[in-house]
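Report on the structure given below.
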Amino acid sequence: MTATNESHPFAMPALSTTFSPALSPAFSPAFSLAGLCAGFDDPVHQSQQVFRRALTALSEPGTVQNVPEIPAPEGVHIASYQLCLTLLDAETPLWIAPALRTDALVSALRFHCGCRLVDEPGQAEFALIPPDFDGDLTYFAQGSHEYPDRSTTVIVQVESLDADSTWALRGPGIDGVRTVGIAGLDRRWPGMLADNCRQFPCGVDLLFTAGTALMGLPRTTRVEI
């Protein structure tokens with residue numbers, strides 16, 4: 001993945017430049033469709049669109065990308081749901097924070113993506129969390145110097161991505177400095193993001209979502225308050 005002004009020296013497994021959309025699992029008579037939230041109407045093309053927006057968000061940190069409106073399970077942002085529909089398949093383990101793990105979301109993701117839910121954050125290739133989750137970024141897989149791609153990509157649901165600018169971002173994909181305002185994060189986050197950046201090439205990559213908007217903060221981005 002190439003940033004605006006510098007190439008990232010790592011590639012995340014689920015966000016490689018080769019895209020293969022997830023296929024829905026075969027219908028099982030034991031699986032109830034009652035109340036199931038719909039997925040994409042056109043899975044191939046819609047997944048490709050969301051995938052490109054996710055790549056842009058991570059290669060140009062701090063820029064806001066938007067996805068189209070579609071129904072999503074209650075309590076889950078539209079952008080979060082579309083990222084899951086796009087990036088998850090039967091081989092991508094997912095951890096959902098208890099505050100967001102509803103029957104409606106689990107049923108939709110299992111049916112449309114066939115993904116496997118795991119009980120521990122460190123087992124996940126992707127994670128979906130609220131901004132006040134009970135833990136820190138070291139709970140997730142950090143990768144290694146030999147295999148930095150073996151880390152978790154964390155999707156964080158926040159209140160807004162267009163609040164008054166409070167953070168200055170620097171690093172690959174940013175021409176000088178870019179200011180952003182993310183509403184809904186508690187005061188632990190600047191320290192967690194600073195620690196995450198210091199671990200490079202290890203660490204996690206983050207996708208923040210609010211409604212239909214998403215923003216990427218890869219591990220290479222430095223956050224200044």
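The values are calculated or read from the model by the stated rules, or taken from the named source; none is laboratory data. Note that the structure is a prediction, hence the values are computed from the model and not measured. Backbone-built Cβ (ideal geometry, glycine too); neighbour counts: all protein chains shown. Areas reflect the complete protein model, heavy atoms only, side chains present, ligands, DNA and RNA absent. Shrake-Rupley method; radii C 1.70, N 1.55, O 1.52, S 1.80 Å.
Six or more apart or on different chains, Cβ under 6 Å: which pairs go from a residue in the range 35-63 that's aromatic (Phe, Trp, Tyr) to one that's open to solvent by less than 10 Å² (accessible area, probe 1.4 Å)? Could you list them?
Listed by first residue and then by second, the contacts come to Phe51/Thr86.
Can you work out which of the residues in the range 174-196 that are of a type in the set (A, V, I, L, M, F, W, C) and part of a loop (DSSP other than H, G, I, E, B) is surrounded by the most Cβ atoms within 10 Å (Cβ to Cβ)?
If we filter the range 174-196 for residues that are of a type in the set (A, V, I, L, M, F, W, C), which is where we start, we get 174, 177, 180, 182-183, 185, 189, 192-194.
Those left that are additionally part of a loop (DSSP other than H, G, I, E, B): 174, 177, 182, 185.
Numbers: Ile174: 21, Val177: 12, Ile182: 23, Leu185: 19.
So, considering only residues that are of a type in the set (A, V, I, L, M, F, W, C) and part of a loop (DSSP other than H, G, I, E, B), the one surrounded by the most Cβ atoms within 10 Å (Cβ to Cβ) is Ile182.
Out of (1) part of a loop (DSSP other than H, G, I, E, B); (2) surrounded by 18 or more Cβ atoms within 10 Å (Cβ to Cβ); (3) among the hydroxyl-bearing types (Ser, Thr, Tyr), the odd one out for Thr209 is which?
(1)
Being surrounded by 18 or more Cβ atoms within 10 Å (Cβ to Cβ), assigned to a loop (DSSP other than H, G, I, E, B) and on the phi < 0 side of the Ramachandran plot is the filter here, so list the residues in the range 111-148 that pass it. Reasoning before the result, please.
If we filter the range 111-148 for residues that are surrounded by 18 or more Cβ atoms within 10 Å (Cβ to Cβ), which is where we start, we get 111-113, 115, 121, 124-129, 133, 137, 139-143, 148.
From what's left, assigned to a loop (DSSP other than H, G, I, E, B): 113, 115, 124-125, 133, 140-141, 143, 148.
Passing the criteria: Cys113, Cys115, Ala124, Glu125, Phe133, Phe140, Ala141, Pro148.
Would you say Glu74 is in contact (Cβ under 8 Å) with a residue 12 or more places away in the chain, open to solvent by 10 Å² or more (accessible area, probe 1.4 Å) and within 12 Å of the chain's Cα centre (by Cα)?
In short, no.
If you go through the range 34-56, how many residues are at pLDDT 65 or above and open to solvent by 50 Å² or more (accessible area, probe 1.4 Å)?
The initial filter retains those residues of the range 34-56 that are at pLDDT 65 or above, namely 35-56.
Cutting the leftovers down to open to solvent by 50 Å² or more (accessible area, probe 1.4 Å) gives us 35, 38, 41-45, 48-49, 52-53.
Going through the range 34-56 one residue at a time, the tally reaches 11.
Can you tell me which residue within the range 197-206, out of those that are closer than 14 Å to Pro61 by Cα and in contact with a Lys or Arg (Cβ under 6 Å, 6 or more places away or on another chain), is least open to solvent (accessible area, probe 1.4 Å)?
Asp205
If you take the residues in the range 83-99 that are within 18 Å of Thr152 (Cα to Cα) and more than 14 Å from the chain's Cα centre (by Cα), which one is least open to solvent (accessible area, probe 1.4 Å)? Even if it seems obvious, please write down each step before you answer.
Here is the first cut: in the range 83-99, the ones within 18 Å of Thr152 (Cα to Cα) are 83-98.
Still in the running and more than 14 Å from the chain's Cα centre (by Cα): 89-91, 98.
On the way: Asp89: 51, Ala90: 70, Glu91: 159, Pro98: 108 Å².
Selected residue: Asp89.
Go through (1) touching a Cys at 6+ places or on another chain (Cβ under 8 Å); (2) within 25 Å of Tyr81 (Cβ to Cβ); (3) not aromatic (Phe, Trp, Tyr) for Pro148 and report which single condition fails.
For Pro148, the failing item is (2).
Is it true that Ala104 is open to solvent by 20 Å² or more (accessible area, probe 1.4 Å), among the aliphatic types (A, V, I, L, M) and out of contact with any Ser or Thr (no Cβ under 6 Å at 6 or more places or on another chain)? Outline the logic, then answer.
On the way: open to solvent by 20 Å² or more (accessible area, probe 1.4 Å): yes; among the aliphatic types (A, V, I, L, M): yes; out of contact with any Ser or Thr (no Cβ under 6 Å at 6 or more places or on another chain): yes.
Yes.
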